[in-house]
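Chemist: The structure follows.
Quick note: the coordinates plus some simple rules give every number you see, no bench work behind them. Note that this is a predicted model, so its numbers are computed, not measured. Here Cβ is always computed from backbone atoms with ideal geometry, including for glycine, and neighbour counts include all displayed protein chains.
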Amino acid sequence: MRLATILALGLAALGPLAGCDVVSPDSGCGPWGKPPALPAAGTPKLKDILCVSDDRFGLGSGTADTINRPVHLALLNDLGVTHVRHDLRWADLEPTKGELHWEKLDPGIADIRAAGLDLVGILDYGVPWASSQTTSDTYYPPDDPADFAHFAGAVAARYAGQVSRYEIWNEENSGFRFWKPSADPAAYATLLHEASAAVHAADPKAQVAYGGLFFHGQAIMSATDFLTQSFAARPDLANDLDAFGFHPYPLYPPSVAPEAGDNGETPVDEMVSSLRAILDANGAKGKPMWATEYGWPDFSPVTPDLQAAYLVRETMWLAASHVPLACDFTLTDGPNAGQFPPEDSFGLYAFSSAVGGHGAIKPAGQAMQFLEQRLGNLEMVGSVKAKLGLGGGQYAFLLVGPNGDSWAYVLWSYDDKYAGSVVLPTVQGHGVQVLDPIGGPVQTESATGGIRVHFGTMPVVVYFGVMGCA
């Protein structure tokens, strides 16, 4: 079953199903199970969590921005996402001290808003005039963090009411790349403190997030060490944060499942819990954690289908870990897709030399489309692995609509060695659809009291919705 057929079955997650059942266990009528319990109050809908971190949009960069912006906005609309994350680079806005070039950002910000998108703006990187260590490199932090704070406050004042979420810097723990010459948790804590004060003074409603940290200590300082040391340098840092950004990638280049926990890897749920513990111990208990980048390149051994499977699986883990913003990296492949290092292979769309730089949608893009359009109105309840009696290497999550009329089980195994099956109960008045997020076949069988569903590496979604069977 291809994606177009799946979507034709009913995109609205709360909409009624045609007929008695798409899958008709026990002739569609009884014995009946009961609808699952409602999610906890305040749980966001899945569509309100999902985001794309689009590093090739070119916002504020002149020619690239003008060419890519309408194309990328159309792609984001096709995916159905409502959040996009992008850099607001200091060097683009203020290449000369005191000369702020709003004309570089104003059109893009306006078009993003007109497209119905919320921008997560990354206030990031340096500018040569502010650093004594370089005359041309924009990845050196400023000598005086007040210069960066002035920039941050000016942006917040200019776009108050238009941009409500800001990250301060990006992967600052990767010092050789983004905070030259080396990572400095104390210096970053000071810069964050001053920038946060400036943003909040200019726009009290804006949310300021700790810049997204790459989780693993892979030739860099780990996120846990960097965060711990930044709190040690500035014990009141929690007062400056509305949220905390992190990047739950596997070791680079990402090539293993989100549940992997050997050979130096950390499962994504443990990434969240270890960082959460540090935040809670340092006065930031309850502050939300934003996963502002995650994803995989379709680069051996990760196939395009496996890239899609991992995207869905990590999204389920993040939603179940109460992460209210999850930004997949990135919208389109780059011109060097398929080459090492695989930076240009993370896209939801393939690369093309056409205007805007995109080709056909990839399986990962289909999966994102599926999550937004098919499950977007559902809310995460959490893992139901134990309740369903699943074994090692098998996973199940439950999402439920706000009024309880629809719900979905998302099932998968770590790899096909752990593939299995489970019987899910049918419920009176509800039809069943068993779907693959990228349109592949799903094996099902009738079973006493329900339907037996087979699952493997690619997640299987078993969706229950209201229909007219009495």
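Chemist: Suppose we keep just the DSSP beta bridges with both residues in segment 46-376; what percent of those would be antiparallel, to 5?
Modeler: Values: 2 of 34 bridges.
Counting DSSP beta bridges with both partners in segment 46-376, the antiparallel share is about 5 percent.
Chemist: Is there a quick way to get the dipole size of segment 46-376? I mean about its Cα centre, with the Cβ of Lys and Arg at +1 and of Asp and Glu at -1; what is the value in debye to the nearest 20? Write out the running numbers ahead of the final one.
Modeler: Details: 20 positive and 43 negative charges, 104 e Å.
Its charge dipole is roughly 500 debye.
Chemist: Along the charge dipole of the chain, pointing to its positive end and built from +1/-1 on Cβ of Lys, Arg, Asp and Glu, which listed residue (Gly264, Pro35, Leu348) has its Cα farthest out?
Modeler: The residue sitting most towards the positive pole is Pro35.
Chemist: Can you flag which of Lys34/Lys387; Lys34/Lys417; Lys104/Lys287; Lys285/Lys385; Lys180/Lys285; Lys205/Lys287 are past 22 Å Cα-Cα?
Modeler: Working: Lys34/Lys387 14 Å; Lys34/Lys417 32 Å; Lys104/Lys287 33 Å; Lys285/Lys385 28 Å; Lys180/Lys285 31 Å; Lys205/Lys287 16 Å.
Too far apart for the 22 Å limit: Lys34/Lys417; Lys104/Lys287; Lys285/Lys385; Lys180/Lys285.
Chemist: To the nearest 10 degrees, how steeply does helix 363-374 sit against the main Cα axis of the chain, on a 0 to 90 scale?
Modeler: 70
Chemist: Mind grabbing the base-10 log of I(q)/I(0) for the chain at q = 0.09 Å⁻¹? Debye formula, identical points on the C-alpha positions, no solvent, two decimal places.
Modeler: The calculated log intensity ratios at q = 0.09 Å⁻¹ are -0.60.
Chemist: Quick check on packing: order 299-306, 223-230 by the mean number of other C-beta atoms within 10 Å, highest mean leading. Let's see the in-between values first.
Modeler: On the way: 299-306: 15.8, 223-230: 21.1.
Result, highest mean first: 223-230, 299-306.
Chemist: Another one. So what's the back-of-envelope 222 nm ellipticity for the chain, counting only DSSP H runs of four-plus at -39500 (n - 2.57) apiece and dividing by all residues, rounded to 500?
Modeler: Values: 12 runs with 130 residues, N = 470.
Counting only the DSSP helices, I get -8500 deg cm²/dmol.
Chemist: Still on this structure, please answer the following. How big is segment 161-312 along each principal axis, measuring the range of its Cα positions in Å and listing the largest first?
Modeler: So the extents along the principal axes, rounded to whole Å, are 48, 33, 29.
Chemist: Oh, and also: What angle do you read, to the nearest 10 degrees and between 0 and 90, between the alpha-carbon axis of helix 268-281 and the longest principal axis of the chain?
Modeler: Here the helix axis deviates by roughly 50 degrees.
Chemist: Also, quick follow-up: Testing the spin-label approximation: label points 7 Å from Cα along Cα→Cβ at Ser300 and Ser136. State their distance in nm.
Modeler: The modelled label-to-label distance comes out at 3.6 nm.
Chemist: Which of the listed residues, Ala419, Thr135, Thr96, is farthest toward the dipole's positive end in the chain, when Lys, Arg count +1 and Asp, Glu count -1 at the beta-carbon?
Modeler: Ala419
Chemist: Mind pulling the angle between the C-alpha long axis of helix 304-320 and the longest principal axis of the chain? Nearest 10 degrees, somewhere in 0 to 90.
Modeler: That helix lies at roughly 80 degrees to the long axis.
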